[in-house]
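The numbers here are math on the coordinates, done by the rules we state, and not lab data. Worth saying up front: this structure is predicted, and the values here are computed from it rather than measured. As a convention, Cβ positions derive from the backbone with ideal geometry for all residues, glycine included, and neighbour counts pool all protein chains shown.
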Amino acid sequence: MFQEEDIIISAKNLTKIFKDFWNRPKVKAVNGISFEVNRGEVVGLLGPNGSGKSTTIKIILNLLYPTAGELKIFGENTKDINTKSKIGYLPEETYLYKFLSAEETLNFFGHLFNLSVKEVRKRTDELLEMIGMSYARKRLVGEFSKGMARRIGMAQALINNPELLILDEPTSSLDPIACNEMKNLIKFLKNKKKTVLVSSHLLGDIEEVCDRIIILYEGRIVAEGSLEDLLKIYEKNIITIPRQEGTQTEKLRRYLKEELFIEDFSIDNPNMSLEKYFVKTMEKARGDNSEFAEVKQSDTMAEYLKE
Amino acid sequence: MNHDLAIIRLTIITIIKSHSFILIMLLSCIFAFVIPLTVFDGSNLVDMFQIRITYSLDICTILIFISSIWSGCSIMAGDIESHKIHMLVVKPVSKFRILLNRFLGVFIIHFLFLMIISLIIFLMINASESSLSIPQKAELSKKVFTSRKSYVSRLTGVSKEFFEEFNARTRDATLSESERAETGKKIIYTILSRRGEVKPGKSKTFFFEVVKTIYFDNASFQFIPYIGSPDILERQNRPKTEGVWSLQVNNGKVVNLNEKPETFLSNNEYEMNISLKDLSEEKNIIKLTYHNLDKDKSVFFRITEFPRIQIKNAGFIENYLKCLLIMVLGIVFVSAIGCTLGCIFSLPVAVFVIIAYLLFGSVGNFILSRNEVFLKNDNIQSKIGYNLSKTLLKIITPIQEFQLSEYVSTGMLIENDIIIEIIKKYFLIQFLIISGIGIYVFNKREFGMVVKK
C-alpha cells in the first residue's frame with residue numbers, strides 16, 4: 001500500500017465533456033475515470049484513437065479543465081505553479097521554436113524553470129551529449145528531421161530533472177535505435193525512482209517499459225493493472241536452456257512425455273525481436289563512418305539525472 | 001526572474017525574425033532618412049521644416065504602431081494555433097506572467113526601434129538645418145526649434161451670458177432635442193463673435209494671464225483678423241483694414257507695438273514679437289489692445305484661438321522628448337490591444353478586427369466632428385451613425401491621438417496636462433478594460449482544445 005506522499009497522480013471520477021458553441025454537450029471524451037499513479041512507477045496509457053488518452057494527459061497538465069471529478073498532482077491542484085516545476089512533458093508533436101538552435105531551445109526551457117544560467121548551461125551540455133546531438137547544438141531546430149526534433153523535445157522534458165515525466169507517444173517519429181534509447185532512458189528513470197506516464201499506440205514499447213497499464217475505451221477505463229497480472233499466462237511455463245544437440249533434445253522430449261506426462265509442448269529456438277536485430281546490425285554497420293551519421297548514438301546519461 | 005527574461009527574449013527574437021517586422025522597419029528607416037531630404041519648399045522655410053518633422057514622425061510612428069499591434073496579435077494567436085503555448089503553460093510560469101512578458105517583449109522591441117528612428121529623424125532634421133544662413137536659423141529657432149506655450153485671452157461670464165440668452169429664447173418654445181442643441185450652438189457662436197468684435201473706430205482689450213519663464217525675451221503674439229464678418233474664409237480679394245496694437249504688462253506703461261497704422265488682410269495670420277521683461281514671479285496680467293482705425297468695418301477675432309500670446313517655455317529637445325513619451329504610451333496601448341486580440345481570436349479573425357479597429361479609430365472622430373451636420377439633417381441614419389460612433393469611441397482609441405508631431409513641428413509646448421489627460425482618458429479606463437479582457441480570456445482559455453484554423 002502506498003503512502004499519501006507517494007501518490008503522484010490521483011484522479012477521481014474525472015470527466016471531460018466537450019461542448020459546442022451554444023454550450024451544449026457534444027462529446028464525452030473522459031467518462032468518470034479514477035486511477036492513481038504512484039512514485040517510481042512507469043504507467044502506460046493505452047487505447048485506440050479517441051479513447052481519451054490525450055485528453056486525460058491534457059487535463060493532468062492543466063491544458064484542459066475537467067468538467068467534473070477531482071484531480072491531484074503531488075497532492076495539489078493542477079493549476080499549482082510549484083507542482084509544474086516537478087513535471088516534464090513531451091507532447092505528441094514537438095512544438096518547438098524553429099528559429100532557435102538546439103542549444104538556445106534547451107537554454108530557453110531551462111530558464112523557464114528559473115534555473116541559474118550556470119546550471120542551465122551545464123544541463124544543456126549534458127542533455128545534448130545524452131541525446132547524441134552535441135555536434136548540432138548550433139543548428140536551428142527548423143532544420144532538424146522529425147526524429148532529431150523529437151530528441152530535442154525529450155531533452156527539454158528532462159531539463160528540470162522532473163519527478164513526473166509525461167510522455168505522449170514518445171517513440172513516434174523515432175528510428176528503432178532512437179526508440180531503443182528512449183526505452184533505455186525510461187528504464188533508467190525508473191531505476192532513479194522517477195514516475196513516468198506514457199501514452200502510446202505501440203504496444204511493444206509499453207510492454208517493454210511499463211510496470212502497469214491503464215486501457216481506455218470511449219473515455220472509460222476498461223482494464224487496469226500490472227503487466228504481470230494482466231499478461232502472464234499462469235496455465236503455461238517457459239523453460240529457457242542453452243542450445244541442445246539432437247540426441248539431447250530427443251531425451252528431453254521423451255522425458256517430458258514419459259515422466260511428466262505432458263503431451264502439449266514444443267521445443268524450438270527463440271526469436272530475437274526485429275528491433276533488437278536492427279539495433280545490432282546498425283551498431284555493426286556504424287564502424288568508422290560515425291562522423292557522418294545524422295544523429296550519433298550515445299550511451300551516456302546526463303550527470304544531473306543520475307543524482 | 002529568469003523565466004520572465006527568457007520569455008521576453010524569445011518574444012523579441014520572434015519579432016525580429018518575422019518578415020512583417022523587417023518590412024515595416026525597413027520602410028520606417030527609408031521614411032526617416034528620405035523624407036527630410038525630399039521635402040523642398042523654397043518659398044517658406046518654416047513650412048518646409050514643419051512638414052519634414054510632421055511627415056517623418058507621423059509615418060514612422062504609424063508604422064511602429066501597426067507593427068506593435070500586429071506583432072502582439074500574431075505572437076499570441078500564433079502560439080495558440082501552433083500549440084507552442086502548450087510548452088509554456090505546462091512550465092512553472094503563471095499564465096498572467098506569460099501574457100505580461102509577451103506584451104513586454106512586444107513593447108520593448110518597438111520602444112527601442114522608436115528611439116532609433118526618432119534619433120535618426122532628429123539628426124537628419126538638424127543636419128538639414130546646419131546648411132542654412134544665420135537669419136534662417138534664427139527664424140527656425142523662433143518658430144520651429146522651440147517649445148512655446150500659448151495663452152489665449154481670458155473669457156469671463158460666457159456661461160452666464162449663454163444661459164440667460166438660451167433661457168430667454170427657449171422658454172416659450174417647444175423644441176426637439178436637436179433643435180435645442182442647434183439653438184445652443186448658435187448662441188455660443190453669437191456670444192463669441194460679439195466678444196471678438198472690434199467695432200469701427202473703436203478699441204478692444206484682450207486680457208491674458210501669463211506665467212513667467214526664463215525665456216521672457218522670446219515672446220510673440222499671433223492673430224488672424226476677419227474683416228466685416230467673422231465668417232469670411234475666402235483667400236482671394238480679401239478685404240483690408242488698418243489698425244494698431246498696444247501692449248500693457250501688469251498696469252505698467254502702455255507700449256505701441258506698431259509705429260504707424262498697419263494694414264491687415266482678412267483671414268491672414270500675423271505674428272509680432274513682444275518683450276515681456278517686466279513679468280513678476282506670480283500671476284501676470286497682460287493687456288493687448290487692438291485699435292480699429294477703419295471707420296466702416298468691424299474687425300473680428302476668433303477669441304478661443306486668436307489673438308494668442310506665445311512664450312518660449314522650454315527647448316525643442318524637451319518638447320521632442322515629450323512627443324516621444326506620448327508615442328511610447330501609444331506603443332504600450334497598441335501592444336496591449338494586439339496581445340489581447342491574439343488571446344481572443346484566431347489569426348485571420350484577429351487581423352480583420354485589427355483592420356476594423358484602426359479604420360474605425362481613424363474615421364470615428366471625423367464622424368463625431370460632423371455631428372452638427374447629422375443633427376441638422378435629423379434623419380435616422382445620421383443619428384444611428386453618430387450614436388454608434390460615440391459609443392464605439394468609448395472602447396476604441398484612435399491611434400492618431402498618440403501623435404503630437406504637429407506640436408513639435410509648430411514649436412508648441414506639449415504641456416504636462418496633455419500627457420496627464422491622455423493617461424487619464426485612455427489608460428485609466430480603456431487600457432485597463434482591454435488588458436483585463438486579455439488577461440481574463442488567456443486565463444480561462446483551454447489551450448488543449450483543437451484550434452479550428
Place a +1 charge on the Cβ of each Lys and Arg in segment A:214-283 and a -1 charge on the Cβ of each Asp and Glu, then give the dipole magnitude about the Cα centre in debye, rounded to the nearest 20. 240 debye
Of the cross-linked pairs B:LYS260/B:LYS297; A:LYS194/B:LYS95; A:LYS28/B:LYS84, which ones have a Cα-Cα span greater than 22 Å in the structure shown? A:LYS194/B:LYS95; A:LYS28/B:LYS84
So for segment B:176-279, averaging the separation of alpha carbon pairs under 8 Å that are six or more residues apart and normalising by length, what relative contact order in percent results? 32 percent
Among A:VAL279, B:VAL152, B:VAL334, which comes first, second and so on when ranked by fewest other beta-carbon atoms within 10 Å? B:VAL152, A:VAL279, B:VAL334
Per 20 angstrom bin, beginning at 0 and ending with the bin that holds the maximum distance, the Cα pairs of chain B fall in percents of 20, 45, 29, 6, 0
Cα-Cα over 25 Å, subset of A:LYS58/A:LYS183; A:LYS58/B:LYS444; B:LYS142/B:LYS199; A:LYS86/A:LYS118: B:LYS142/B:LYS199
Aspartates and glutamates near B:LYS202 by alpha-carbon distance under 16 Å, same-chain residues fewer than 8 away left out - which ones? B:GLU242, B:GLU262, B:ASP294, B:ASP296
I'd like the Kirkwood hydrodynamic radius of the protein assembly as shown, using the inverse of the mean 1/r over distinct C-alpha pairs, in Å. 32.9 Å
To the nearest whole number, what is the average tally of beta carbon atoms from other chains within 10 Å of the beta carbons of peptide B:94-101? 1
Place +1 on the Cβ of every Lys and Arg and -1 on the Cβ of every Asp and Glu in chain B, take the dipole about the Cα centre, and give the residue among B:ASN365, B:GLN403, B:GLY72 whose Cα lies farthest towards its positive end. B:GLY72
In segment A:1-99, the trypsin sites (Lys or Arg not before Pro) that fall in loop regions by DSSP, at most 16 other Cβ within 10 Å: A:ARG39, A:LYS79, A:LYS98
Value of [θ]222 nm, deg cm²/dmol, for the protein assembly as shown, DSSP H segments ≥ 4, -39500 (n - 2.57) each, nearest 500: -15500 deg cm²/dmol
Where the Cα pairs of segment B:89-201 fall when distances are cut into 5 Å bins, in %: 2, 8, 9, 8, 7, 6, 6, 6, 8, 12, 11, 8, 5, 2, 1, 0, 0
Put in order of increasing Cβ neighbours within 10 Å, starting from the fewest, B:MET272, B:MET124, B:MET327 give B:MET272, B:MET124, B:MET327
Proximal lysines to B:LYS137, defined as alpha-carbon separation beneath 19 angstrom and excluding residues fewer than eight positions away on the same chain: B:LYS312
Dividing the mean separation of Cα pairs under 8 Å (6+ apart) by the residue count of chain A yields a relative contact order in percent of 24 percent
Where nothing but the Cβ of Lys and Arg (+1) and of Asp and Glu (-1) is charged, how large is the charge dipole of segment A:1-93 around its Cα centre, in debye to the nearest 20? 500 debye
Within 10 Å of each Cβ in B:9-21, the average number of Cβ atoms from other chains: 2
Mean separation of Cα pairs under 8 Å and 6+ residues apart, divided by the residue count of chain B: what relative contact order is that in percent? 24 percent
Residue exposure sequence - A:PHE109, B:PHE162 - by fewest surrounding Cβ within 10 Å: B:PHE162, A:PHE109
Can you work out ³J(HN,Hα) from phi for every residue in segment B:302-311, in order, using Karplus 6.51 cos²θ - 1.76 cosθ + 1.60 and θ = phi - 60°, giving whole Hz and x for Gly and Pro? 7, 5, 6, 10, 10, x, 9, 9, 10, 10
Just the Kirkwood number for segment A:14-85, please: inverse of mean 1/r across all distinct Cα pairs, in Å, one decimal. 13.3 Å
Select from B:LEU329, B:GLY315, B:LEU279 the residue farthest towards the positive end of the dipole of segment B:241-397; place +1 on Cβ of Lys and Arg, -1 on Cβ of Asp and Glu, and compute about the Cα centre. B:LEU329
Where trypsin sites (Lys or Arg not before Pro) fall in DSSP loop in segment A:198-258, at most 10 other Cβ within 10 Å: A:LYS232, A:LYS236, A:ARG243
Residues of A:81-93, mean number of Cβ from any other protein chain within 10 Å of their own Cβ, rounded to a whole number? 3
Given 37 °C and 0.692 mPa s, how large is the Stokes-Einstein diffusion coefficient of chain A in µm²/s, with Rh as the Kirkwood radius over Cα pairs? 151 µm²/s
I need the helices of chain B that pass two filters: whole DSSP H segments spanning 24 Å or more by Cα along the axis, and mean Kyte-Doolittle score no lower than 0.0. B:19-38, B:45-81, B:95-130, B:316-344, B:347-369
Charged-residue dipole, Cβ positions (Lys, Arg, Asp, Glu), segment B:84-243 about Cα centre, Debye nearest 20: 620 debye
Identify the trypsin sites (Lys or Arg not before Pro) of segment B:132-208 meeting these criteria: DSSP loop state and at most 10 other C-beta atoms within 10 Å of the C-beta. B:ARG171
Computed over segment B:327-443, the ratio Rg/Rh where both radii use C-alpha atoms and Rh is Kirkwood: 1.02
Please work out the Kirkwood hydrodynamic radius for segment B:198-327, using every pair of different C-alpha atoms, and report it in angstroms with one decimal place. 16.1 Å
Name the residue from B:THR213, B:SER229, B:LEU192 whose Cα lies farthest towards the positive end of the charge dipole of segment B:149-242, charges +1 on Cβ of Lys and Arg and -1 on Cβ of Asp and Glu. B:THR213
